[in-house]
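Report on one structure; see the data block that follows.
The values are calculated or read from the model by the stated rules, or taken from the named source; none is laboratory data. It should be emphasised that the depicted structure is a prediction, and the values quoted were computed from it without experimental measurement. Because the Cβ atoms are built from the backbone with ideal geometry, glycine has one as well, and the counts that use them run over all protein chains shown.
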Amino acid sequence: MTVDDLLPETWPEETAVALDAWRQGHLISGDLVIWLGTAGGVDPVTGDDFTEIGEGLLAASAEIGDTGYFAVVSQTCDIAAAGPGRRHPFVHVCPVRDLGAVFDAQKIQQARDSELVEYVYLTKPPVTGAHWAVDLRVMVPLSKGSLVGTAPIEGFACEDDEIDLAARVAGKFERPALHDYLSKNLVDALNALVTKARKGSADWCEDIEQFRLWIDGPRLKPKRVRLVVITEMNYGSKLHKQRTDAIRDHWKTMKKPLRSVGIEQGPIAFRYIEDMKVKDYRDYIPINVPALGRGRFD
């Protein structure tokens with residue numbers, strides 16, 4: 001049997017109409033998750049015991065999540081019965097977690113600021129005032145039949161929040177990843193810089209549209225890296241030089257840390273967004289600095 005064998009020969013009209021009500025980011029009630037484990041022993045990670053069962057991959061299940069909801073993370077066009085969705089009998093869903101039950105206020109704020117890669121914060125949870133988030137660490141297929149006859153539940157306050165979910169799901173699987181120092185230490189340092197500037201009422205950060213990286217060599221083992229600052233103001237004149245000093249000085253402090261992990265530091269570059277070539281924009285690697293408030297860029 002293949003996935004094609006699970007598709008209806010003709011999608012019933014009432015099914016197509018029902019699926020049209022659903023979109024990426026909607027919630028559905030449920031709490032049971034199924035995954036595959038290796039038979040013939042005890043799984044060293046999950047603890048599933050298949051010792052008395054033969055070889056192969058077997059299904060294990062448990063209630064995962066503490067809210068009784070899942071979020072649909074498939075693209076909206078894949079949910080429908082027409083277009084690409086005609087070839088998809090399943091949608092992918094992730095459990096919704098109650099962060100308020102396990103995290104303190106600081107950790108919850110990090111989730112709200114998109115600083116926890118595994119969680120996407122719900123901006124319109126079904127329970128007023130709840131701190132819920134989509135847990136991207138578990139993603140399972142759900143028959144579209146489960147959506148038929150069930151009303152979708154809103155999880156996000158606006159389209160922009162749903163688009164952010166889509167970007168976060170894409171980012172979860174985007175490869176190759178960056179070197180640990182670039183994806184963690186560098187981002188944290190830039191985030192701290194912008195946060196401090198905002199608290200000090202420094203207005204230079206309002207000119208920054210994005211931070212990107214130019215990397216020489218593999219992304220996981222780069223030879224050389226440059227910080228590229230995409231600006232909404234043309235910094236070409238001497239008049240605006242002082243607005244770049246904070247970032248330039250900060251970049252200089254990172255030379256030794258980069259060298260300590262085997263990465264050569266290249267000079268910082270400022271690029272006025274209206275003068276950028278498409279090729280350059282595409283070649284530079286986006287990094288998400290939450291304090292800028294710009295979201296994630298591709």
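Structure notes:
- Matching residues, the range 7-24, being out of contact with any Ser or Thr (no Cβ under 7 Å at 6 or more places or on another chain), surrounded by 14 or more Cβ atoms within 10 Å (Cβ to Cβ) and polar (S, T, N, Q): THR15
- One residue alone among GLU154, GLU115 is within 21 Å of VAL169 (Cα to Cα), out of contact with any strand residue (DSSP E or B) (no Cβ under 9 Å at 6 or more places or on another chain) and among the acidic types (Asp, Glu), and that residue is GLU115.
- Within the set VAL140, VAL120, the sole residue that is within 22 Å of the chain's Cα centre (by Cα), β-branched (Val, Ile, Thr) and surrounded by fewer than 18 Cβ atoms within 10 Å (Cβ to Cβ) turns out to be VAL140.
- ASP160 being surrounded by fewer than 12 Cβ atoms within 10 Å (Cβ to Cβ) and within 26 Å of ASN191 (Cβ to Cβ): yes
- Pairs where the first residue, in the range 213-231, is without any contact (Cβ under 8 Å) to a residue 12 or more places away in the chain and more than 16 Å from ILE247 (Cα to Cα) and the second is of a type outside the set (D, E, K, R) and outside any loop (DSSP other than H, G, I, E, B), C-beta under 6 Å, 6+ apart: none
- Among the residues of the range 156-173, the one identified as of a type in the set (Phe, Trp, Tyr) and either part of a helix (DSSP H, G or I) or without any contact (Cβ under 8 Å) to a residue 24 or more places away in the chain (or both) is PHE173.
- Selection within the range 109-155 - in contact with a Cys (Cβ under 9 Å, 6 or more places away or on another chain), within 27 Å of PRO89 (Cβ to Cβ) and either charged (D, E, K, R) or part of a strand (DSSP E or B) (or both): VAL120, VAL134, ASP135, ARG137, VAL140
- Evaluating GLY30 against the criteria (1) modelled with pLDDT of 90 or more; (2) closer than 18 Å to PRO152 by Cβ; (3) of a type outside the set (A, V, I, L, M, F, W, C); (4) buried (at least 16 other Cβ atoms within 10 Å of the Cβ) leaves one unmet condition, (1).
- Pairs where the first residue, in the range 232-260, is aromatic (Phe, Trp, Tyr) and the second is at pLDDT 90 or above and part of a loop (DSSP other than H, G, I, E, B), C-beta under 7 Å, 6+ apart: TRP251/ILE268
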